[in-house]
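Okay, structure first, notes after.
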Amino acid sequence: NAGVTQTPKFQVLKTGQSMTLQCAQDMNHEYMSWYRQDPGMGLRLIHYSVGAGITDQGEVPNGYNVSRSTTEDFPLRLLSAAPSQTSVYFCASSYSGTGPSTNEKLFFGSGTQLSVL
Amino acid sequence: DQQVKQNSPSLSVQEGRISILNCDYTNSMFDYFLWYKKYPAEGPTFLISISSIKDKNEDGRFTVFLNKSAKHLSLHIVPSQPGDSAVYFCAASETDGLTFGKGTHLIIQP
């Protein structure tokens with residue numbers, strides 16, 4: 001049972017480069033989301049999706065794009081990487097399309113550590 | 001403005017004793033509160049939750065207490081074990097996702 005799978009685990013980019021962080025879940029979860037974790041800042045919500053074809057912005061969406069063409073996949077795109085985007089990125093999912101606004105717990109991937117030089 | 005606050009970056013507790021992790025929040029519209037545990041190089045994992053209509057929820061060694069009037073919740077771990085050493089995040093739910101605190105690094109000493 002794979003759960004939430006994130007690739008790559010580590011990535012180094014130069015300022016201005018673009019890349020896509022991959023996230024896939026095999027639990028048939030409707031809700032998927034991306035968080036970033038910075039030292040001393042906890043986890044902050046970037047973008048989320050309550051089902052295929054539906055996405056919305058979280059707390060810190062600038063510089064990131066997402067799409068949800070299938071239930072399983074929720075890639076995060078960095079359009080033009082900046083040093084401020086150096087962080088650990090977590091993808092998370094939950095069963096209900098209403099997301100974790102009730103008692104739905106989130107299942108997290110193991111993270112992608114991104115460094116932008 | 002931080003809506004979920006964990007004011008203790010770290011906490012050291014002796015094995016076998018009680019660990020108490022605290023969390024304060026400012027938004028009275030939060031309806032669920034959750035605790036997540038995170039080991040290094042891994043994603044957070046769900047530990048325990050509590051609805052805003054309750055004041056206590058227990059699961060084995062873990063108990064969460066909620067004081068709505070004070071906008072405060074706490075996680076009690078009894079007895080503390082070496083495997084409990086991790087970062088603990090308090091989180092509150094709203095319509096689009098979870099709002100997390102900054103985390104408390106719990107260190108269980110032998």
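The values are calculated or read from the model by the stated rules, or taken from the named source; none is laboratory data. The structure presented is a predicted model; accordingly, all values stated were derived computationally and were not measured. Every residue, glycine among them, receives a Cβ derived from its backbone with ideal geometry; neighbour counts consider all protein chains shown.
Within region A:50-60, the presence of at least one residue that is farther than 26 Å from residue B:49 by Cβ and not β-branched (Val, Ile, Thr) is confirmed. For residue A:48, the conditions (1) surrounded by 16 or more Cβ atoms within 10 Å (Cβ to Cβ); (2) away from chain B (no Cβ under 12 Å) all hold with the exception of (2). Among the residues making up region A:44-68, a single one is of a type in the set (Lys, Arg) and either under 16 Å from residue B:99 (Cα atoms) or at pLDDT below 90 (or both): A:44.
Being farther than 16 Å from residue B:49 by Cβ, free of Cβ contacts under 8 Å to residues at least 40 places away in the same chain and either over 13 Å from the mean Cα position of the chain (by Cα) or within 14 Å of chain A (Cβ to nearest Cβ) (or both) is a property that residue B:80 lacks. Restricting region B:84-110 to residues that are part of a loop (DSSP other than H, G, I, E, B) and either at pLDDT 95 or above or facing another protein chain (nearest Cβ under 7 Å) (or both) leaves a set whose member that is nearest to residue A:45 (Cα to Cα) is B:97. The set of residues in region B:9-26 being assigned to a loop (DSSP other than H, G, I, E, B) and away from every other protein chain (no Cβ under 13 Å) consists of B:15, B:16, B:17, B:18, B:26.
Taken over region B:49-82, the residue count meeting the criterion of being closer than 20 Å to residue B:15 by Cα, touching a Ser or Thr at 6+ places or on another chain (Cβ under 8 Å) and of a type in the set (A, V, I, L, M, F, W, C) is 4. With free of Cβ contacts under 8 Å to residues at least 60 places away in the same chain, more than 26 Å from residue B:2 (Cα to Cα) and not hydrophobic (A, V, I, L, M, F, W, C) as the only criterion, which of A:67, A:80, A:96, A:84 stands out? It is A:67.
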